[in-house]
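Peer 1: Have a look at this one.
The values are calculated or read from the model by the stated rules, or taken from the named source; none is laboratory data. Because the structure is a prediction, the values reported are computed rather than measured. All Cβ positions, even for glycine, are placed from backbone atoms using ideal geometry, and neighbour counts span all protein chains on display. Note: areas computed on protein heavy atoms with side chains; ligands, DNA, RNA excluded. Shrake-Rupley method; radii C 1.70, N 1.55, O 1.52, S 1.80 Å.
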Amino acid sequence: MTIHSVPLAAAPQIVQPGKAGVQRFVQMLMQNSALVTLCIVIGGALIAVCIALLVIRKFWPQCPLGQSLQQAGTSSIVWCVVGMLAGLIFILPAQILPFLAAIGLWVAQLVVDIFARILNI
């Protein structure tokens, strides 16, 4: 006689509900046209400033701002890329935020699934 273990519960699935919740939240925010315009302006400004900083770093390294960017090394480039990505998120939140939320929730789901396997539930 063998007894098979039957899981009574499984790890909750959080990726799709979380992604759907972020999509609903972004759609609610995008109903306000003034907020949409403000997000586009902020995103464009972020991208323009980051591109200007990279151009200064490349073509005018002798000016004070160029020197400080050169001394910061690669981290200044990384922060400019992060700033450009943030600007892109401000411009296109309905396309990018659910994707980023799904990536973060996928990592959380992976951790929950591992704990479920370890605890045998």
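Peer 1: Among all cysteines in the chain, which have no other cysteine Cβ under 4.7 Å from their own Cβ?
Peer 2: Cys with no partner Cβ under 4.7 Å: 39, 63.
Peer 1: Still on this model: Hey, can you rank 82-93, 21-32 by average C-beta count inside 10 Å, highest first?
Peer 2: Packing proxy ranking, top to bottom: 82-93, 21-32.
Peer 1: Got a sec to turn the phi values of segment 65-77 into Karplus ³J(HN,Hα) couplings, 6.51 cos²θ - 1.76 cosθ + 1.60 with θ = phi - 60°, whole Hz, x for Gly and Pro?
Peer 2: Each residue's phi maps through the Karplus curve to give 5, x, 5, 5, 5, 5, 5, 5, x, 5, 5, 5, 5 Hz.
Peer 1: Could you pull the accessible area for residue 58 with a 1.4 Å probe, rounded to 10 Å²?
Peer 2: 140 Å²
Peer 1: Per residue, what accessible area does the chain have, given a 1.4 Å probe and all protein chains present, in Å²? Each step should come with its number before you reach the end.
Peer 2: Numbers: 8790 Å² over 121 residues.
Using a 1.4 Å probe on heavy atoms only, each residue of the chain averages 73 Å².
Peer 1: So how tilted is helix 93-119 from the main axis of the chain? Cα-based, degrees 0 to 90, rounded to 10.
Peer 2: Tilt relative to the chain: about 40 degrees.
Peer 1: Continuing with this model, one more query. Expressed as an acute angle from 0 to 90° and rounded to the nearest 10, what is the orientation of the C-alpha long axis of helix 33-59 relative to the principal long axis of the chain?
Peer 2: In the chain, helix 33-59 runs at an angle near 60 degrees to the longest axis.
Peer 1: Separate question: So what's Rg/Rh here for the chain, counting alpha carbon atoms and using the Kirkwood radius for Rh?
Peer 2: On the way: Rg = 22.4 Å, Rh = 17.9 Å.
Ratio of gyration radius to Kirkwood radius: 1.25.
Peer 1: Follow-up. Counting only protein heavy atoms and a 1.4 Å probe, tell me what percentage of the chain's accessible area is made up of carbon and sulfur.
Peer 2: Result for the chain: 73 percent of the exposed heavy-atom area is carbon or sulfur.
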